[in-house]
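Q: Would you mind keeping the following structure in view while I ask a few things?
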Amino acid sequence: MSPETLDLYNTFLAVLSLVAIAGAVALVVYRLVKGPEAARLLGPGALWLAWLVAAVATAGSLIYSEVVHFIPCRLCWYQRIAMYPLAIILLVGAIRREVVVRYYALPLALIGLGISIYHYVIQMYPSLEGGSCDPTNPCSARYVEEFGFVSIPFMAGAGFIVIAVLLMFYVRDTSE
């Protein structure tokens, strides 16, 4: 991948993550203003959107490692361990229109979010890294930095946030 293409790819994913976070915040505010019935806003589409976020995040991380050749650090792997199964679990849940998928997917999204936040803090404050990361591939390394603050853990965290919010908005259509 050429440097110009990589810059465009990084910018695209950074903007996508910022738009996704803004959408998640808008959904939460809508829910707070409208009350419990607001959860029906997206209906079954919420699960499909959550799957799309997980699929894009999975594909994005694979492109970074397999095409761009960024070597994932230990915390990146832990985030992948949370995100990759979400792409499968959410797809199966969306196809089957199962409300219980929330109970399987939400813990993974929240665990992944916690790891992403921790990873992002380590990137912002490398002195906090400690001894858990590989010295030859430190978790504090920033392969991507868009707009001065959007990094790969930030983008992963955005994905986990959006998935968690969408799972809260998932309501199965009972008219079928």
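Q: Relative to the longest principal axis of the chain, what angle (0 to 90°, nearest 10) does the C-alpha long axis of helix 74-96 take?
A: 20
Q: Rounded to the nearest 20 debye, what is the charge dipole size of the chain about its Cα centre when +1 sits on each Lys and Arg Cβ and -1 on each Asp and Glu Cβ?
A: About 600 debye.
Q: Taking 35 Å as R0, compute the FRET efficiency from the Cβ-Cβ separation of E145 and V25 and round it to 0.05.
A: 0.95
Q: Multiply the residue gap between N137 and V121 by 0.36 nm, knock off their C-alpha separation, and tell me the result in nm, one decimal place.
A: 4.1 nm
Q: What is the local net charge at Y30, summed over the other residues whose Cβ is closer than 14 Å to its Cβ (Lys, Arg +1; Asp, Glu -1)?
A: +2
Q: Along the charge dipole of the chain, which of L62, Y30, F149 sits closest to the positive end, that is, farthest toward it, with unit charges on the beta carbon of Lys, Arg, Asp and Glu (+1, +1, -1, -1)?
A: Farthest towards the positive pole: Y30.
Q: Specify the residue with the greatest mean-square fluctuation among G35, G159, G60, computed from a Gaussian network of the chain linking alpha-carbon atoms under 10 Å apart.
A: Per the Cα network of the chain with a 10 Å cutoff, G35 tops the list.
Q: If you compute Cα extents along the principal axes in Å for the structure shown, which of [x] 47, 36, 33; [y] 55, 35, 31; [z] 46, 32, 28 do you land on?
A: Matching the structure shown: [y].
Every number in this text was worked out from the coordinates using simple rules, so none of it is lab data. Because the structure is a prediction, the values reported are computed rather than measured. As a convention, Cβ positions derive from the backbone with ideal geometry for all residues, glycine included, and neighbour counts pool all protein chains shown.
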